[in-house]
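Written below as structure tokens is the structure these notes are about.
The values are calculated or read from the model by the stated rules, or taken from the named source; none is laboratory data. Since we're looking at a predicted model, the values are computed, not measured. Using ideal geometry, Cβ is built from the backbone for each residue, glycine included, and neighbour counts are taken over all protein chains shown. Surface areas here come from the heavy atoms of the whole protein model, side chains and all, with no ligands, DNA or RNA. Shrake-Rupley method; radii C 1.70, N 1.55, O 1.52, S 1.80 Å.
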Amino acid sequence: MITIIILDSLSKLKQERTSAAVYHLLVGKRSSQTLQDAHIYHLTGYFGIAKGMDKHAFDQKVENLVSKHYLAYRGDKAFVTEKGMSFLKNNENHGFLLHYNGLVYDRAADLFYERLSLFIQTAANIKRGNHRFIPVSDNQEVLLWMKKYYTAARHRLQELLDQLYGEMLPFLKRLPEQHADIFVKRLSGYSHFGMSKVQLAAFYDMDKYDFTVLYQLILHRMLNYIIYDSTPTPTLATFSSGLVKEVFLTDSARKTDDLLKQGRNVEEICKIRRLKESTVHDHLIEIAYAQPDFPLNNYVSPDAVREIGEQIERLKSRKLKQIKQALDDRYSYLQIRLVMAVYRAGRRKGVEQ
Amino acid sequence: MTDNLNKALEKYFGHQSFREGQREIIEDVLQGKDVLGILPTGSGKSVCYQLPARLMSGAVLVISPLISLMMDQEKQLAASGYKDVIAFNSFLSVQKKQDAFRNLAAYKLIYASPEMLQRKGFVKKLSELRISLFVVDEAHCISQWGHEFRPDYLKLHHIIETLQHPPVLALSATATPEVQKDISFQLRKPAMARHIYPMDRENITFQVDELETPSEKIKRISNVLKAHPVPTMIYFSSRNWTEKAAAELSAALPDMNVAFYHGGMEQSDRILIQQQFMNDQLDVICCTSAFGMGIDKQNIRLVIHFHLPPQIESFIQEVGRAGRDGLSSVSLVLLSPNDDLLPRKLIQSELPGREEIARVIRYMKSRVQQGVFRLPEQDILLESLQISETKWRFLRYHFENHGMMDNDRIVSSFDWETIQEKISRVAAERTKYKLAKVNELLWWAEQTECRRKALFAPFQDTTKEPSYHCCDRCGFKFSEWAPVTKATRKSESYNWKQALKQIMLQGDSDEEIKSG
């Protein structure tokens, strides 16, 4: 699974980034650069789906793809060969790739699962009269949430289990048998503890990171099912509520955004936050990607937006330098990047809903 | 009183009777005496302060160096319905810490790491409470001659004074007579009531096998487990080895459930593996010393040391996890040439070398010359000094001891060279001492006399009569061993629909679940 994700990512990057950009994307590096790459190249789905992967393991996978002639190098940039493209397109897992929703579900997927699995374990044990059990999660945030939820749920545990079962079953039936197996095997119940990720990976004879991304796929599909599918899932939805953020910003960009909304300009923000101008510019780009209503015209005139947009379209390139030169250096990098961001973000929205 | 204590034990912990030593210690504690208690691993040391916490007015403060142990105990108590327990350590979130600070008076049992006691604000908060008992857990950490010397422990007597001398209870599972003396000296409590119980357990049998290579060790283990499929812990000194051995043993023992556990695993996986083992879903766990603290699994029949720990005390503790139910259990040590290299390397990585000490002193000197006396936050400091936390803790203690530092501040300038020389000498001595501890255990493994007697000789004069077999030197052979076994069931076919129904208590299959 992870090999085709790497291939897909590199093919979308069109040799405009090195493979390190894919690594940063997969481990969910929260930098402006990585977030922009994710947006520009339509790779937001893969953001953070292989957290904890070490660089060495990633490089080995890339090398492995090179040795199979799926990848080749032009300079320091890897590109996907014809053989690689046909491997990717014909891969049995290719159809799953579009389910990934990493940027939106970052952190939410794991917290959602911890809430859900902790509740199932708790309800099953209490219903069976066992009040002494070690919870499967020791995440304070999750335990606190559960305390609140449980107070309201304690008198209708069986009812909630029935509802959850009823909502989960149609979803699991849609999955390939193996994926449903994995999901259920990891659950803990009364006097029964589920299998760990490492055990499951070993059981299916899977590489550690192949399993990591497959596991994320299952969780992302479940969240997609809860949020987008027409099947009603009111009970499951209580477990994901408050977790899925519509707007993803790094913490630092969020602070800049707050100041912008208070009417501060870039110069003032630099002073207040003691940041370099270029850093605040990075934040602007991030905000522009994340918020469809970004006030672009505060930074670029409507005419300039049109001109820059046409040039981007014409060159079909994301290389800033090239675009800037084609526009006779009349616009700053910031302006070009902002147009790129809003243009992308806007179009993306148009395509999806 | 006797009768009341029994009733309280039953009421709060659900136990019918006290284990050896518990009652004697608790009685003295309730009478307000200072007490030193040496109880073997697995004998329920924690009851000695958890029960008084329920019976005394005011709060019981427990100093423990083992964060994971604290957390396990807090978890266990919470699972049993005790919410008035709090563990202060670096894992506690800021929010929770602040909340707990505000409501400190509401807690009956307060666990704190020795580092927490370095914070003046925390100690001030404590001094406003009524501390009815001051517990020093793992008290051997207070002694230079204890195997886990923690400099922060040496300041405990100041804290005791600040708290206006509540009764003190010092507990340890492994303390030689020398260390025992040191404990009461360092706490400035010369008149402690002493309750020393022998550490040897009569139901554990000892065996040492010498083999040529690691792969022979694996083969030996799989042969033993084929003949005796019992709940087993196998200790390793590296994370890599736990994974490697678990994979090989899984392949060699298709009928058994084998898993590994180490500190580098994802937290959710750690919980699952630990609880599977507790719940008899796993037969064999390949682990580092990170596993097992605070674990109270009754039916572990076999503890194997693939690698030896760096000292006898840890070995005794690890072996002590076997046979808590009193049934026949075995400690098996596997030796091969060069087994001492790993612990030696480990020790050298724990203590600062000459160059490192010089580097740190240079750093502090240059700060003072720039007129900067406050040190940066620990993370940043460690990063810029390129030094581990353990090493820094050692240095920091000695800087404070020489009056060079006070609360993250460097105190003016010094005769840097002399101090550098002194600290280097102490570090070298400490390294030598620790290396000698490694040799002590290796020496034990090569002895020809009774293993039980040789192992416990540094701690006590006599050993109990073994209730099953003694050791290989006294004629034990694995072929004669007939342990009570409880093998886990391996499920052959799996159907997620069926499994999900069971987990979520749905319909007819609900009835099939066996009660645990």
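Some notes on this structure:
- Exactly one residue out of B:Ala246, B:Ala252 is of a type in the set (A, V, I, L, M), farther than 21 Å from A:Ile134 by Cβ and more than 12 Å from every other protein chain (Cβ to nearest Cβ), and it is B:Ala252.
- Count of the stretch A:168-195 residues which are surrounded by 20 or more Cβ atoms within 10 Å (Cβ to Cβ) and touching a residue at least 40 places away in the same chain (Cβ under 8 Å): 9
- Filtering the stretch B:257-284 to residues that are crowded, with 19+ Cβ neighbours inside 10 Å, more than 23 Å from A:Tyr113 (Cβ to Cβ) and either among the charged types (D, E, K, R) or more than 12 Å from chain A (Cβ to nearest Cβ) (or both) leaves B:Asp283, B:Val284.
- Residue satisfying all of: in the stretch B:83-96; at pLDDT 70 or above and within 11 Å of chain A (Cβ to nearest Cβ); nearest to B:Cys48 (Cα to Cα) among these: B:Lys83
- Residue selected from the stretch B:422-452 under the condition of a type in the set (Val, Ile, Thr) and either surrounded by 13 or more Cβ atoms within 10 Å (Cβ to Cβ) or at pLDDT below 90 (or both), by the criterion farthest from B:Ile357 (Cα to Cα): B:Val438
- Residues satisfying the stated conditions in the stretch A:297-330, i.e. open to solvent by 40 Å² or more (accessible area, probe 1.4 Å) and not in a helix (DSSP H, G or I): A:Tyr299, A:Ser301, A:Lys316, A:Lys319, A:Asp328, A:Asp329, A:Arg330
- So B:Lys155, is it basic (Lys, Arg), surrounded by fewer than 23 Cβ atoms within 10 Å (Cβ to Cβ) and within 22 Å of B:Gln98 (Cβ to Cβ): no
- A:Val198 satisfies every condition listed in (1) among the β-branched types (Val, Ile, Thr); (2) in a helix (DSSP H, G or I); (3) surrounded by fewer than 22 Cβ atoms within 10 Å (Cβ to Cβ); (4) in contact (Cβ under 8 Å) with a residue 60 or more places away in the chain except (4).
- Those residues of the stretch A:103-157 which are in contact with a Lys or Arg (Cβ under 8 Å, 6 or more places away or on another chain), without any contact (Cβ under 8 Å) to a residue 60 or more places away in the chain, more than 11 Å from chain B (Cβ to nearest Cβ) and open to solvent by 40 Å² or more (accessible area, probe 1.4 Å), in sequence order: A:Trp145
- Condition met for A:Asp138 (on the phi > 0 side of the Ramachandran plot and either part of a loop (DSSP other than H, G, I, E, B) or modelled with pLDDT of 90 or more (or both)): no
- When the stretch A:158-184 is filtered for residues that are assigned to a helix (DSSP H, G or I) and more than 8 Å from every other protein chain (Cβ to nearest Cβ), the ones remaining, listed by number, are A:Glu159, A:Leu160, A:Gln163, A:Gly166, A:Glu167, A:Pro170, A:Phe171, A:Lys173, A:Arg174, A:Gln178, A:His179, A:Ile182.
- Options B:Met278, B:Met293, B:Met256, B:Met265: the member that is modelled with pLDDT under 95, in contact with a helix residue (DSSP H, G or I) (Cβ under 6 Å, 6 or more places away or on another chain) and of a type in the set (A, V, I, L, M): B:Met293
- Among the candidates A:Lys83, A:Lys55, the residue that is outside the structural domain of A:Ile134 (by TED's automatic domain parsing), among the basic types (Lys, Arg) and within 29 Å of A:Phe248 (Cβ to Cβ) is uniquely A:Lys55.
- The number of residues in the stretch A:217-251 being outside any loop (DSSP other than H, G, I, E, B) and closer than 19 Å to A:Leu169 by Cα comes to 18.
- The single condition among (1) in a helix (DSSP H, G or I); (2) over 28 Å from B:Leu117 (Cα atoms) that B:Lys434 does not meet is (2).
- Subset of the stretch B:16-33 (residues that are within 19 Å of B:Ala173 (Cβ to Cβ) and in a loop (DSSP other than H, G, I, E, B)): B:Phe18, B:Arg19, B:Glu20, B:Gly21
- Here B:Gln386, B:Gln378 are screened, and the one residue that is loosely packed, with under 15 Cβ neighbours inside 10 Å and within 25 Å of the chain's Cα centre (by Cα) is B:Gln378.
- From B:Leu61, B:Leu36, B:Leu51, residue being closer than 21 Å to B:Glu313 by Cβ, crowded, with 23+ Cβ neighbours inside 10 Å and touching a residue at least 12 places away in the same chain (Cβ under 8 Å): B:Leu36
- Among the candidates A:Lys197, A:Lys208, residue that is closer than 30 Å to A:Gln60 by Cβ, within 22 Å of the chain's Cα centre (by Cα), among the basic types (Lys, Arg) and more than 10 Å from every other protein chain (Cβ to nearest Cβ): A:Lys208
- Single residue of the stretch A:252-270 satisfying the filter (part of a helix (DSSP H, G or I) and of a type in the set (Lys, Arg)) that is most open to solvent (accessible area, probe 1.4 Å): A:Lys261
- Here B:Leu249 passes the criteria (1) farther than 20 Å from B:Glu74 by Cβ; (2) open to solvent by 10 Å² or more (accessible area, probe 1.4 Å) except the one numbered (2).
- Scanning the stretch B:493-516 for residues being part of a loop (DSSP other than H, G, I, E, B), at pLDDT 55 or above and either within 7 Å of chain A (Cβ to nearest Cβ) or crowded, with 19+ Cβ neighbours inside 10 Å (or both) gives a total of 4.
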